[in-house]
Amino acid sequence: MINTTCFCLLFFLLVTFQSFAQVDLSYYLPENVTYNPAIPTPKSVLGHEVGAWHASHDKLVYYMQALDRASDRIALEITGYTHEGRPLLLLTITSPKNHQQLEALRTQHLQLSDPAKSGGLNTRDMPVVLYMGFSIHGNEASGTNASLLAAYHLAAMQGPEAEKQLENTIILFDPCFNPDGMQRFSSWVNSRKGKKISTDPNDTEHNEPWPGGRTNHYWFDLNRDWLVAQQPESQARITKFHHWKPNVLTDHHEMGTNTTFFFQPGVPSRNHPLTPEKNLELTRKIGVYHAKALDAIGSLYYTQEGFDDFYYGKGSTFPDAQGAIGILFEQASSRGHAQESTNGILHFPFTIRNQFTTALSSLKAVYELREELLNYQRQFFKNAVAEAAKDPIKAIIFGSSKDKARAYHLAEIVARHHIDIYKPASNQMINGKNFETESSYIVPLNQAQYTLIKGMFEKRTQFKDSIFYDISSWTLTLAAGVDYEETKTIPAIGEKITAPVMPAGKRIGGKSEYAYVFESHGYYAPRALYRLLQHNIRVKVSTDPFYHPDGRKFEHGSILIPLGAQEKPTELIEFLIQEIVNQDGIDVYAFQTGLDYKGSSLGSSSFQTIRKPEIAMLVDGGVNANDAGEIWHLLDTRFAVPLTLLPTPLLNSVNVNKYNTIIFPPGSYAMISDGTKEKLKMWVQNGGIIIGFENALTWLNAAGLGKFEMKKEEDQSAKKEMPKSIPYADMDETKRAQETSGAIFEAQADLSHPLLFGYSSPKVSLFKGNNLFMERAKNAYANPLVFTTSPLQSGYISKQNYAKLKESSVVGVTALGRGRVIGFTENLALRAFWFGTNKMMMNAIFYGPIIHEGSSR
């Protein structure tokens, strides 16, 4: 017979497991709180308990709409739409009384960020504003699923304490930061859930396919986009942030399965120096509330480790530069419905409960620290204006007379953050740089957003710590590649800009019967070029300078549209020219003759015919999704150039002859067979162009397609002295200090090289986020872009890596027959805001075929 005690124990464990797998609201909700039965529960709309399945985005929307209909505490609005057309929701949750005077409360709250008005406010009588946000990474699903519970709790909770919280708090509730990623991930895990849940980490449920659900439609990490806001999800969110300027913003994430739970503060030495110490103090005070709440349910957690508050482009750090407190939560991820971990079986409902618990502890903390948070916000902006008054720099002026679009896009980023920005009253010449009224902007520093302005434009090379969770620099003027100056007086300002407008181009010289020409300096010149090529208009690029009859000089890379011998009607060409002027912001010049005695006449062989690119980009199979997404987004949304997203394993079987350009984003490419390597060699020899980035160059070298020699690590064994002893406990941080996580460096450019066509300055600022250092080619013509002898402009790099970086090559070209293999060591499309290097990638696509074999490595 079975021992009675053992039987009872087994029965208890079985019942416990089954009840865990079938948890109801009582598992999540706090004790001693009553709920309004008129408010629909999540199950009544979803059709299942929270945590039984991963809620899809459409079901989440249905539930939030149901709450909006049922509760007078909630006002739901759609703030925008994702790339895939899913609505971005924001629920404003507060007491019915506050809803009746919401606009007056908002206007009053905004005065806290205006030092001229904030002094007269009585913060004892003002509600605090809390922004709750969930799961900016779509596959970190415990956050969005916890938002269902949090929204229900806020709508249905009853009692005097609940009423007080809502009377004194306005909650901006964003249940899903990343709808497209959420939908992608929920579809995957739900479609692979069995009746008997597999906890094996090797199970398909726990191993989502490339690119995964973390990112948005274009595979962007939206938690790196708060500051630059290049994605529609970010733009909608930032608009609402500034509409209210909350006191606290919470940001619910997930991390590795074998961890526990993290809440901020992060590593104190890795806070951004512009963030006040009071911010850390308040973050710690709020942390006490999280600890108490997690202690009460027996959950393990940690703080002040691993994560930091340095990059202002992350959700939990972005508020820190604006008088608010950003709070990051990281929950160990079940990456499905249940998974084995070093802490036992990690169940999805358990992860949801931790997120829900800390959402409630955030509300309690904000409510009880209300007056201190409001006073901190007021003082933050007062201090900012005081610091601006002491700053010897009074304004930043930036612009680009040859590329109006890049300056416009930078002005867009600045204006989006409610920063005062102006046009110059007249053309300005400052330190030899010409800032024209049409294409320049002035940002005075003496304004409430001083701290954020410094965070956008500063160059920093000294740091307390040498480890960064994300990038160490993002200076926006360097990223845009525009001229700029920091001035000690404010230049004469003209019109204040609230919504920058893309400047249109001009037609110069009227209508031509002979030829049109435009320069390549404009950011949208590649779009203009493809606009012509897709209509089979014959187009040429100049490889030597030439002159207009009026004496104007046109540099290397100018685009020629000869009108004679075109197969398309003149009316179509005229229509396209006007589109280039109006939509691409490019000046187009009419030529009535091809004669040029000062430079090259228009019939010269120095004008090379441009072929229409037929592009495939490798994806899947070890390719870095973020990098591939940046390239896809650039070509698809900025330049309207179509491309095939070609799964890497298919490369072994497809006919590559339908493409003339193949892009290799960073990746491993282990799935490409030896036979395919030979196929690619033959394809290149017949005129194909391969463009590789970062560690793809290592594969291209090994495949015999490229000759991109990298600098090697120093051989320590050759040294006679004994290596210095380092404590075992420091091993991890010592290694991480050698990572180049993201800094900005200056390179010297050969502007006559096709890869640099359209650049007007021989100095180019590049973002580097790797430890790849390419040797300079021995061929003197084969180094079109080389880091200078003192290249560091902003950010962190170790001494050892800095020595290797100096005078190393950024790009190399290998000639194989009629084709070319072009390799870049750096990311040229970083996060869609590094406008200054985008042109290089497009030049490789359009002008790769005309690069002379004599400039090969």
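Just report the Cα centroid separation between region 778-857 and region 727-754, whole Å.
A separation of 15 Å, based on Cα centres.
Return a whole-number percent for the relative contact order of region 289-408, with Cα pairs under 8 Å and 6 or more residues apart as the contact set.
Dividing the mean separation by the residue count of region 289-408 yields 22 percent.
Of all the accessible heavy-atom surface of the chain, with the other protein chains kept in place and a 1.4 Å probe, what percent is carbon and sulfur?
Answer for the chain: carbon and sulfur cover 51 percent of the accessible area.
Evaluate the relative contact order of the chain (contact order divided by residue number), counting alpha-carbon pairs under 8 angstrom at least 6 apart; express in whole percent.
On the way: 1804 pairs, mean separation 86.1, N = 857.
10 percent.
Once the convex hull of the C-alpha atoms of region 799-857 is built, how many Å³ does it hold per residue, rounded to a whole number?
Convex hull volume per residue, Cα atoms: 104 Å³.
Hey, which of these cross-link pairs are over 19 Å Cα-Cα: Lys459/Lys735; Lys464/Lys763; Lys97/Lys164; Lys681/Lys804; Lys278/Lys394; Lys459/Lys763? Mind dumping the intermediate values first?
On the way: Lys459/Lys735 25 Å; Lys464/Lys763 29 Å; Lys97/Lys164 12 Å; Lys681/Lys804 31 Å; Lys278/Lys394 26 Å; Lys459/Lys763 17 Å.
Beyond 19 Å: Lys459/Lys735; Lys464/Lys763; Lys681/Lys804; Lys278/Lys394.
Using only alpha carbon pairs under 8 Å that are at least six residues apart, calculate the relative contact order of region 406-456 and give it in whole percent.
The normalised contact order for region 406-456 reaches 35 percent.
As a check on your grasp of the helix formula, calculate [θ] at 222 nm for the chain: sum -39500 (n - 2.57) over DSSP H runs of n ≥ 4, divide by the residue count, round to the nearest 500. Before the final figure, lay out the partial values.
Details: 25 runs with 272 residues, N = 857.
Estimated from H runs of four or more residues: -9500 deg cm²/dmol.
Quick one: net charge of Arg224's neighbours, Cβ under 13 Å, K/R +1, D/E -1?
Values: positive: Arg214, Lys314, Arg831; negative: Asp221, Asp225, Glu233, Asp251, Asp470, Asp627, Glu630.
Around Arg224, the surrounding residues sum to -4.
Loop-only check: which chymotrypsin sites (Phe, Trp or Tyr not before Pro) in region 512-546 are DSSP coil with at most 16 other Cβ within 10 angstrom?
Of the chymotrypsin sites (Phe, Trp or Tyr not before Pro), the ones in loops of region 512-546 whose Cβ has at most 16 other Cβ atoms within 10 Å are Tyr514.
Return the distance in nm (one decimal) between the two label points of a simple spin-label model at Thr593 and Asp550, each offset 7 Å from Cα along Cα→Cβ.
Result for the modelled spin labels: 1.6 nm.
Apply the Kirkwood formula to region 192-276: the hydrodynamic radius equals the inverse of the mean of 1/r over all pairs of different alpha-carbon atoms; give it in Å with one decimal. Don't jump to the answer; show the numbers that get you there.
Working: mean 1/r = 0.0597 Å⁻¹.
For region 192-276, the Kirkwood estimate is 16.8 Å.
Relative to the Cα centre, what is the charge dipole magnitude of region 238-390, using +1 at the beta carbon of each Lys and Arg, -1 at the beta carbon of each Asp and Glu, and rounding to the nearest 20 debye?
Value, rounded to 20: 420 debye.
Please give the per residue accessible area of region 663-812, computed with a probe of 1.4 Å over protein heavy atoms only, in Å².
With the other protein chains kept in place, region 663-812 gives 50 Å² per residue.
Please give me the summed charge of the neighbours of Pro127: other residues whose Cβ is under 12 Å from its Cβ, Lys and Arg +1, Asp and Glu -1.
Values: positive: Lys97, Arg106, Arg124, Lys164, Arg370; negative: Asp125, Glu167, Glu371.
So the surrounding residues net to +2.
Take every DSSP beta bridge with both residues inside the chain and express the antiparallel ones as a percent of the total, to the nearest 5.
65 percent
Hey, what's region 303-425 come to in accessible area per residue, 1.4 Å probe, Å²?
25 Å²
Quick check for me: using +1 on Lys/Arg Cβ and -1 on Asp/Glu Cβ, what's the dipole size of the chain about its Cα centre, in debye to the nearest 20?
Numbers: 84 positive and 87 negative charges, 258 e Å.
Dipole of the chain, to the nearest 20 debye: 1240 debye.
Of Ala338, Ser790, Ile453, which is farthest on the positive side of the dipole of the chain, counting Cα position, with +1 on Lys and Arg Cβ, -1 on Asp and Glu Cβ, and the Cα centre as origin?
Checked the options; the winner is Ser790.
Shape verdict for region 292-418, please, from the Cα gyration tensor: rounded (a/c under 1.5), prolate (a/b greater than b/c) or oblate.
Numbers: a/c = 3.38, a/b = 1.77, b/c = 1.90.
Oblate, because a/c is 1.5 or more while a/b does not exceed b/c.
Any idea how far apart Asp732 and Tyr81 come out in nm if each label point goes 7 Å out from Cα toward Cβ?
If labels sit at Asp732 and Tyr81, their model points lie 4.5 nm apart.
Cα gyration tensor of region 755-809, axes a ≥ b ≥ c as square roots of the eigenvalues: rounded (a/c below 1.5), prolate (a/b > b/c) or oblate?
Values: a/c = 2.24, a/b = 1.32, b/c = 1.69.
Oblate is the answer for region 755-809, as a/c is 1.5 or above yet b/c matches or exceeds a/b.
Region 305-364: which trypsin sites (Lys or Arg not before Pro) are DSSP loop and have at most 10 other beta-carbon atoms within 10 angstrom?
Details: sites: Lys314, Arg335, Arg353, Lys364; in loops: Lys314, Arg335.
For trypsin sites (Lys or Arg not before Pro) across region 305-364 that sit outside H, G, I, E and B with at most 10 neighbouring Cβ atoms in 10 Å, the list is empty.
Using the Cβ atoms and a cut-off under 13 Å, what net charge is assigned to the surroundings of Gln331, where Lys and Arg are +1 and Asp and Glu are -1?
Once all neighbours under 13 Å are counted, the net charge is -2.
Which order do Asp550, Asp587 take by accessible area at a 1.4 Å probe, largest first?
Numbers: Asp550 105, Asp587 40 Å².
The ranking, largest first, comes out as Asp550, Asp587.
State the answer as a single residue: which of Gln583, Leu618, Gly557 lies farthest towards the positive end of the charge dipole of region 552-627, with beta carbon charges of +1 for Lys and Arg and -1 for Asp and Glu, about the Cα centre.
Gly557
Between Asn190, Tyr131, His217, whose Cα lies farthest towards the positive end of the dipole of region 116-227 when Lys and Arg beta carbons carry +1 and Asp and Glu beta carbons carry -1, centred on the Cα centre?
It is Asn190, whose Cα lies furthest towards the positive end.
Per residue, what volume in Å³ does the Cα convex hull of region 393-453 take up?
78 Å³
What is the magnitude of the charge dipole of region 403-493 about its Cα centre, with +1 placed on the Cβ of each Lys and Arg, -1 on the Cβ of each Asp and Glu, and no other charges, expressed in debye to the nearest 20? Could the numbers behind the result be given before it?
Details: 10 positive and 11 negative charges, 30 e Å.
The dipole of region 403-493 has a size of about 140 debye.
Please label the shape of the chain as rounded, prolate or oblate, based on the square roots a ≥ b ≥ c of the eigenvalues of the alpha-carbon gyration tensor (a/c under 1.5 means rounded; beyond that, a/b larger than b/c means prolate, else oblate).
Here the chain falls in the prolate category.
The values are calculated or read from the model by the stated rules, or taken from the named source; none is laboratory data. Computed from a prediction, not measured in an experiment: that's the story for all the values here. Quick reminder, even Gly has a Cβ in these numbers, built from the backbone with ideal geometry, and neighbours come from all protein chains shown. These accessible areas exclude ligands, DNA and RNA; they are computed on the full protein's heavy atoms, side chains included. Shrake-Rupley method; radii C 1.70, N 1.55, O 1.52, S 1.80 Å.
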